[in-house]
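A short write-up of the structure that comes next.
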């Protein structure tokens, strides 16, 4: 029987900000023990205090997920303290907004090391402890961009696609071995996170998520749902569903559409500050929390996600309604 969330030991990478921060906080609010991995100690300590105030327990593990040995050691420290790892959530990321012709080789390398290999390192560290117990779950935070790349984010899109390829291969191996360790991917829409303040950008104006935009707490609810009800993939929000299905049905049309619209959609009308700094190579000080600059435009609820999360309940109501109709007709016959 699956453990209740309040009894689980969870590790979240990228836990200092954005989606990772919201996910870690959500598990903490349910009483879980949460290992927090990211590069900025100050922000992780703030996240730990939020979790502890909510009734959970937290462990601060400042490191760079590009360092495989450091990730493995962090997993060992979590197990040494709490005895196991039940759920591992991979979320850490960095990004560069620029056309391919302006990108540098070292930027592709760095984004790949964090956004793809960081997930590989986290997954391997989790498996080291999950496989001997034959239980546990790894949740990969993906994106609609796993399936449908967009302009100006080639390094990020390529890394996200690589995560899916890696995860699918591993899933086959787990089936072969008869393992009960579960793998899930959560494919995201655009989310209001602080990443748009800290990504490296060569765009003339401030980067933004492609509207419509959702709050990170929507994603956190989706991740908690997947932790309680493991699935192969969960697509969050109708925009993600449209992008993924559109890529399957009309890829060439989307290429042309994004070529025309994708540049403007990823920028506000505000020029980039000349003092702008980024976190690609090293963390920036301070705590940016879960939300970005787009609260006024972000949605705190997704009807599509609600329907997916409650489809069993909805099916039950539909079946009861159908039975009522049948019974009523039988009485009148």
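Rule-based calculations on the coordinates, nothing more; no lab input. Given the structure is predicted, the values throughout are model-derived calculations rather than measurements. Cβ atoms come from the backbone with ideal geometry, glycine included; neighbour counts cover every protein chain shown.
Ordered by the count of other Cβ atoms within 10 Å of each Cβ, fewest first, 275, 173, 113, 57 give 275, 173, 57, 113. Ranked by how many other Cβ atoms sit within 10 Å of their own Cβ, fewest first, the residues 156, 175 fall in the order 175, 156.
Over the chain, dividing the summed -39,500 (n - 2.57) contributions of all DSSP H runs of at least 4 residues by the number of residues returns a 222 nm mean residue ellipticity of -15500 deg cm²/dmol.
If the chain linking residue 41 and residue 277 were pulled fully straight, counting 0.36 nm for each residue of separation and taking away their Cα-Cα distance, it would gain 83.1 nm. Roughly how far apart, in whole Å, are the Cα centres of segment 239-314 and segment 35-100? Value for the Cα centre distance between the two parts: 23 Å. Shape of segment 2-141 from its Cα gyration tensor (a ≥ b ≥ c, root eigenvalues): rounded if a/c is under 1.5, otherwise prolate when a/b > b/c, or oblate? Prolate is the answer for segment 2-141, as a/c is 1.5 or above and a/b outweighs b/c. Principal axis analysis of the Cα atoms in segment 155-234 yields extents of 52, 26, 18 Å, listed in decreasing size.
With the simple spin-label model, which puts each label point 7 Å out from Cα in the Cβ direction, the residue 84 to residue 6 separation comes to 1.8 nm. Footprinting exposure proxy ranking of 193, 112, fewest other C-beta atoms within 10 angstrom first, gives 112, 193.
With R₀ fixed at 25 Å, the C-beta to C-beta distance from residue 73 to residue 109 puts the FRET efficiency at about 0.60.
Shape summary of segment 199-261, radius of gyration then Dmax from alpha carbon positions: 15.2, 43 Å.
For segment 182-255, the relative contact order is 43 percent, taking Cα pairs closer than 8 Å that sit 6 or more residues apart in sequence and dividing their mean separation by the residue count.
Between residue 307 and residue 269, 0.36 nm times their residue separation minus their Cα-Cα distance comes to what? Mind showing how you got there, number by number?
Values: separation 38, 0.36 × 38 = 13.68 nm, distance 3.50 nm.
Separation in residues times 0.36 nm, less the Cα-Cα distance, equals 10.2 nm.
For segment 15-65, a Kirkwood radius taken over Cα pairs fed into Stokes-Einstein (37 °C, viscosity 0.692 mPa s) yields D = 324 µm²/s.
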